[in-house]
Amino acid sequence: MIIPRSYIAELLPDGLAPWIPDPAQVQTALDLCTGSGCLAILLAHHYPNADVDAADISSDTLAVAQRNVADHGLQGRVNLIRSDIFSNLPEKKYDLIISTPPYVRAVAMEEQPPEYRHEPQLALAGGDDGLDAVRTILAGAADFLSPTGLLVVEVGNNRDATDMAFPGLPFTWLTTTSSDESVFVLRRDELVGVAA
C-alpha cells in the first residue's frame with residue numbers, strides 16, 4: 001500500500017463532503033503534479049465513477065506512477081499525462097482538480113534536512129515565495145473546471161503568502177489532523193478572471 005505524504009490524502013475520504021456531497025457524481029478528476037500517482041489512485045478509489053487524469057512534468061516520475069497505478073489495477077481508470085501543469089492537457093472539463101505542486105520557498109530549499117535531498121528538486125522548489133506553480137494553477141484552473149467544479153490545492157506553510165498574493169480570492173482553508181492552513185478550496189466561479 002502506498003502512503004501519500006499529503007494533507008489532501010486525509011481529506012479525500014470525506015473531508016470534501018461539504019463541497020462534494022455525493023462522490024458518485026464526480027465524473028472527471030485531475031491530479032496535477034501527481035508525482036508517484038498516490039493521490040490519483042486515491043481519487044479513483046473515493047470517486048468510483050470518475051475518469052481520473054494524472055499529470056506531471058517528469059517522465060521518470062510518471063514511470064513510477066505507471067507502476068503504482070498498475071499495482072492497484074487501475075490502468076483503465078487512471079490516465080497518465082506528461083504535462084507542465086495545464087500546458088499539455090486535453091481540452092476537457094473536470095469536476096474536481098487536486099494538486100500538491102512544488103511549494104518549498106527558495107530559502108527553505110537551501111536549508112532542507114538531509115532526508116529531503118533525496119527528493120527530486122523539481123518536485124519541491126516553488127520559487128522565491130513558494131507560489132510559482134500555484135500562480136499557474138490559479139490562472140488556468142477555471143478553463144479546466146466544469147461549471148460546478150472544485151479546485152483543491154496544498155501549499156504547505158504558505159497560507160499567509162497565498163492570502164497576500166491573491167487578496168481577492170475567497171480561499172476556504174481546510175482543517176486536517178496536523179494543519180489548518182495547508183490546503184485551500186475554491187469553486188470555479190470564484191476563479192474566473194484570475195491573472196497569473
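The values are calculated or read from the model by the stated rules, or taken from the named source; none is laboratory data. Quick caveat, the model's predicted, so the values are computed rather than measured. All Cβ positions, glycine included, derive from the backbone under ideal geometry; neighbour counts span all protein chains shown. For accessibility, only protein heavy atoms count, side chains too; no ligands or nucleic acids. Shrake-Rupley method; radii C 1.70, N 1.55, O 1.52, S 1.80 Å.
Quick notes on this one:
- Among the residues here, Gln66 does not qualify as at pLDDT below 95, among the polar types (S, T, N, Q) and on the phi < 0 side of the Ramachandran plot.
- Here the stretch 166-196 is the region considered, the condition is being open to solvent by 40 Å² or more (accessible area, probe 1.4 Å) and either polar (S, T, N, Q) or part of a helix (DSSP H, G or I) (or both), and the residue that is modelled with the lowest pLDDT is Ser178.
- Positions within the stretch 42-96 being in contact with a Lys or Arg (Cβ under 8 Å, 6 or more places away or on another chain) and of a type in the set (A, V, I, L, M), in sequence order: Ala44, Ala50, Val52, Ala55, Ile57, Leu62
- Residues that are open to solvent by 70 Å² or more (accessible area, probe 1.4 Å) and among the hydroxyl-bearing types (Ser, Thr, Tyr) within the stretch 145-165 comprise just one, Thr148.
- Criterion violated by Ser58 - all others in (1) touching a residue at least 60 places away in the same chain (Cβ under 8 Å); (2) under 24 Å from Phe184 (Cβ atoms); (3) surrounded by fewer than 24 Cβ atoms within 10 Å (Cβ to Cβ); (4) within 16 Å of the chain's Cα centre (by Cα) satisfied: (2)
- Annotation note: of Gly130, Gly126, Gly140, the sole residue that is modelled with pLDDT of 85 or more, of a type in the set (Gly, Ala, Ser) and surrounded by 17 or more Cβ atoms within 10 Å (Cβ to Cβ) is Gly140.
- Any hit, the stretch 163-171, residues being under 24 Å from Asp14 (Cα atoms) and not hydrophobic (A, V, I, L, M, F, W, C): yes
- Single residue of the stretch 73-82 satisfying the filter (open to solvent by less than 90 Å² (accessible area, probe 1.4 Å) and without any contact (Cβ under 8 Å) to a residue 40 or more places away in the chain) that is farthest from Ser146 (Cα to Cα): Gly73
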